[in-house]
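Reviewing the structure listed below.
Each value in this text was obtained by applying a stated rule to the coordinates, not by laboratory testing. Every value quoted in this text rests on a predicted model; they were computed, and no experiment measured them.
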Ligand SMILES: Nc1nc2c(ncn2[C@@H]2O[C@H](COP(=O)(O)OP(=O)(O)O)[C@@H](O)[C@H]2O)c(=O)[nH]1
Ligand SMILES: [Mg+2]
């Protein structure tokens, strides 16, 4: 008797694509907060990042399952060696600054130079200003940041406020990135 083949097709696990995003910016600008907002549920505490931290979450894009891997790199100069390993095989660079801290914006030039020097010169860059709800303390003009983003041909620019309750600006940012690149 012939065994009927293909009668039961076991359900295939959905294929998961990987997206590696490196998050850089000055200490205190809100990198860890962004990562935790996206990848951890409920309330969270942020503590200074030592070297680098890894966060992961799954999102869907065009019916595809995407594993978003975030590398939150410490801004500390002494971790330069740790950081330099990350750029080469990343897919996206998220450059973060704090809209209430001009220095954090100005220092992004230095970050981009570091990224280029260590193999990440062709990475798509998304520019992101945090603490956007603190309008009265603003030191970086939205138009100035937008112009800089355009002049450097970044893929996107946004301002976010992840510590505001119920805010969805972080989710929206990553949905945009995943939709565009996966
Ligand atoms: N008001 C406000 N505070 C924020 C925002 N994002 C981050 N913070 C705060 O900024 C501080 C530094 O954030 P952290 O994520 O540790 O910065 P990192 O050093 O770049 O990782 C923390 O106290 C955060 O709660 C924001 O959008 N608005
Ligand atoms: Mg951190």
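Here are the numbers for the structure shown:
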{"quantity": "DSSP-defined antiparallel bridges as percent of all bridges, the chain, nearest 5", "calculated": "30"}
{"quantity": "Relative contact order (percent, whole number), the chain, Cα cutoff 8 Å, 6+ residue spacing", "calculated": "23"}
{"quantity": "Within the chain, helix-based [θ] at 222 nm, where runs of 4 or more DSSP H residues each add -39,500 (n - 2.57), nearest 500", "calculated": "-7500 deg cm²/dmol"}
{"quantity": "Mean shadow area of the range 66-127, taken as a quarter of the surface of its Cα convex hull (nm²)", "calculated": "4.6"}
{"quantity": "Mean projected area in nm² (Cα convex hull; one quarter of hull surface) for the range 44-97", "calculated": "5.0"}
{"quantity": "Semi-axes of the equivalent ellipsoid for the chain, Cα gyration tensor, largest first, Å", "calculated": "34, 19, 16"}
{"quantity": "Crossing angle, helix 169-181 versus the chain [Cα axis fit, 0-90 degrees, rounded to tens]", "calculated": "60"}
{"quantity": "Nearest-ten-degree value, helix 142-151 long axis tilted from longest Cα axis of the chain", "calculated": "60"}
{"quantity": "Max mean-square fluctuation residue, GNM over the chain, Cα-Cα springs under 10 Å, options 15, 121, 40", "calculated": "15"}
